[in-house]
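What follows is calculated from the coordinates using simple rules that are stated; it is not laboratory data. All values derive from a computational prediction rather than experimental measurement. Cβ sites come from the backbone with ideal geometry, for glycine too, and all protein chains shown count toward neighbours.
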Amino acid sequence: MNAYKKYITITDPSQVILSDLPFQVGQRVEIIILAEDNPRAEISKKLRDLFDKTQSLPGVQDITEAEISAEIEAYQRGE
């Protein structure tokens with residue numbers, strides 16, 4: 001069996017269009033669809049979700065940049 005690999009990006013999840021394939025008219029083919037693993041995208045989404053969750057905590061919006069800077073400096077000094 002010959003294998004042919006083609007990467008596409010899904011633009012409409014209700015259909016996939018493959019074009020410019022190296023097969024003959026009437027040739028029977030087997031189609032297997034595998035989603036590409038993208039761990040960076042998964043980590044990025046988890047981080048965004050965490051930011052959204054922490055930014056929605058009560059009182060977080062009241063923290064000033066100066067307070068954040070002071071907290072970082074105290075941490076760096078080991079306090």
Sticking with the crude label model, points 7 Å out along Cα→Cβ, report the distance from I17 to R40 in nm, one decimal please. 2.9 nm
Once the piece of chain linking T9 and D62 is laid out straight, how much longer is it, given 0.36 nm per residue of separation minus the C-alpha distance between them? 14.9 nm
Given all pairs of different Cα atoms, what value in angstroms does the Kirkwood hydrodynamic radius of segment 27-79 take? 15.3 Å
Per-residue ellipticity at 222 nm attributable to helices in the chain (runs of n ≥ 4 DSSP H, -39500 (n - 2.57) apiece, nearest 500 deg cm²/dmol) works out to -12000 deg cm²/dmol
